[in-house]
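The structure under discussion appears below in the form of structure tokens.
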Amino acid sequence: RATLLLVPSTVVRLDDGTPVAWAFLGYDGTLMTLHVEEKYRDRGLAKAVACRLMRNHLNVYGDDGWGAADVFDGNLKSQAVCRNIGGKLSWPSSW
């Protein structure tokens, strides 16, 4: 929890304050967490949250216009979000 309090983030809340979508940038400027509660998926919230976070905070890491996300090969929804915000697969990595 302490780490998440130190990195840039954004959230979408319902009128009653309940968070339904959120994202965090890592210390290296990567999109390290992007989540939308299941009931609110397929409404464009993931794209909106990711774009707002990167637009408002990526400049902290430099002005080259680059951003990144580490997405699991099998996570097709996250891959689609990355493509929808203009992302391109640059290189795969494995451990």
Next item on the list: Please sort 71-79, 28-36, 11-19 by packing, taking for each peptide the average over its residues of neighbouring beta carbons within 10 angstrom, highest first.
Entry: 28-36, 71-79, 11-19
Check: Near the amide H of M32, under 5 Å away, which other amide H atoms are found, from residues 5 or more places off or on another chain, if H is placed in the peptide plane?
Finding: F24, L25, G26
Check: Alpha carbon centre of region 25-39 versus region 53-77: separation in Å?
Finding: 9
Check: Between Y40 and V60, what FRET efficiency comes out of the Förster formula 1/(1 + (r/R0)^6) with R0 = 25 Å and r the beta carbon distance, rounded to 0.05?
Finding: 0.35
Notebook entry, point to check: For the chain, what are the per-bin percents of Cα-Cα distances with bins 5 Å wide, up to the bin holding the maximum?
Noted result: 2, 13, 23, 25, 19, 12, 4, 1, 0
Next item on the list: Could you work out which residue, out of V81, V20, V60, moves most in a Gaussian network model of the chain, that is, has the largest mean-square fluctuation with Cα springs under 10 Å?
Entry: V60
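Among the DSSP beta bridges whose two residues both lie in the chain, what percent are antiparallel, rounded to the nearest 5?
Here the share of antiparallel DSSP bridges comes out near 85 percent.
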Next item on the list: Could you line up C82, C51 from fewest to most neighbouring Cβ atoms inside 10 Å?
Entry: C51, C82
Check: FRET efficiency for Y27 and N84, Cβ-Cβ distance as r, R0 = 25 Å, nearest 0.05?
Finding: 0.50
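Here, each number is a calculation from the coordinates, and none is a lab measurement. From a predicted model like this one, the values you see are computed outputs, not experimental measurements. All Cβ positions, even for glycine, are placed from backbone atoms using ideal geometry, and neighbour counts span all protein chains on display.
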